[in-house]
1. How large is the charge dipole for the range 195-249, taken about the Cα centre, if only the Cβ atoms of Lys, Arg (+1) and Asp, Glu (-1) carry charge, to the nearest 20 debye?
2. What are the ³J(HN,Hα) couplings of the range 251-258, residue after residue, when phi is run through the Karplus curve with 6.51, -1.76, 1.60 and θ = phi - 60°? Round to Hz, x for glycine and proline.
3. At a 1.4 Å probe radius, which order do 48, 171, 6, 160 fall into by accessible area, largest first?
4. Report P(r) for the range 188-258: all Cα-Cα distances, bin width 10 Å, range 0 to the bin holding the largest distance, values in whole percent.
5. Quickly work out the residue 137-to-residue 152 label distance, labels modelled 7 Å from Cα along the C-beta direction, and quote it in nm with one decimal.
6. Roughly how many debye, to the nearest 20, is the charge dipole of the chain about its Cα centre, given +1 on each Lys and Arg Cβ, -1 on each Asp and Glu Cβ, and no other charges?
7. Rounded to the nearest whole Å², what accessible area per residue is found for the chain with the 1.4 Å probe?
8. Simple spin-label model, 7 Å along Cα-to-Cβ: residue 74 to residue 44 in nm?
Amino acid sequence: MSTVLYEKKGHVGLITLNNPKKLNALSAAFMTEIENAVAEVEKDTDVYVCIITGVEKAFIAGADISEMCPLTAAGAIAWGKQGTDLNLRIENLRVPVIAAVNGFALGGGCELAMACDIRIASEKAKFGQPEVGLGITPGAGGTQRLPRLVGAGIAKELLYTGRMINAQEAYRIGLVNKVTAPEELMDAAFALADEIIKNAQIAVQQTKRCVNRGIETDIVTGIDFEQQAFAVCNATEDKQIGMGAFLRKEKEKNFVYR
Ligand code: CAA
């Protein structure tokens, strides 16, 4: 059985990380399987939201330490690129990505969750960047995405101590958007996906691009980017459908993704 499962549920592409014996540790082979699942989402325009989750007690317990142990500096650059590229690919995926964090999200697991657009967590989830305790820095974006999400002060405390935090603490610092009972996690993820899916998808996808690009630039450039996206959306059929429904006082909006 594959260690990464991909299935489509309506307009949701669901990626389930399924290597519980290794707590979904990110080996090169496992990352290739995740890449393949992400590629399925990328090529399917009928997928509007992607959800990534894990089985049993781990989301991802980090990069595979047995693979990293023998790496030299040069080898680490090559090895680290796979995880870095995977996270950039997830971050830049056309559709919103929800991390439904069921358990350990450590090191490379926390980094992959942070590359997703939105994180919701089970009460059993645990987050952390324990790399300094292994003699390394984070290697797939942890020093970059954590400060952007929670601010430099809190991020530095977590990065320098390698401390593991629980789901409530992750919620308090803004690392996750919501905490649920373990048995309610997937329902919560799908409910959130449904709220997104009911909207006009070109507008949702343009909004994702604006936020991602805008965060990396000055506000004038970001607003210019938003103006372009605003123009694109105004030329869509979905704009006529959305505004037409409002003006006719109709609740039903059957967006066509055009
Ligand atoms: N790499 C390789 N194997 C791992 C792993 C990892 N990151 N995490 C867990 N495993 C393996 C364990 O070796 C064990 O395998 P065996 O049964 O063959 O011995 C199996 O998964 C189950 O793990 P445990 O027995 O340790 O489970 P536990 O419940 O007692 O502890 C845990 C869970 C606290 C998460 C513990 O496994 C742990 O500390 N794991 C390592 C966490 C970590 O340091 N992650 C960061 C890695 S560095 C990184 O990610 C760099 C980067 O930025 C890219």
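The values are calculated or read from the model by the stated rules, or taken from the named source; none is laboratory data. These numbers were taken from a predicted model, which means no experiment stands behind them. Methodologically, a virtual Cβ is constructed for each residue, glycine included, from the backbone with ideal geometry; neighbour enumeration extends over all protein chains shown. SASA here: full protein model, heavy atoms, side chains in, ligands and nucleic acids out. Shrake-Rupley method; radii C 1.70, N 1.55, O 1.52, S 1.80 Å.
1. 320
2. 7, 5, 10, 9, 5, 10, 6, 9
3. Result of the area sort, largest leading: 160, 171, 6, 48.
4. So the P(r) values, bin by bin, are 19, 40, 32, 9.
5. A separation of 1.5 nm, rounded to one decimal place.
6. 320
7. Roughly 52 Å² per residue, with all protein chains present.
8. In this crude spin-label approximation the distance works out to 4.1 nm.
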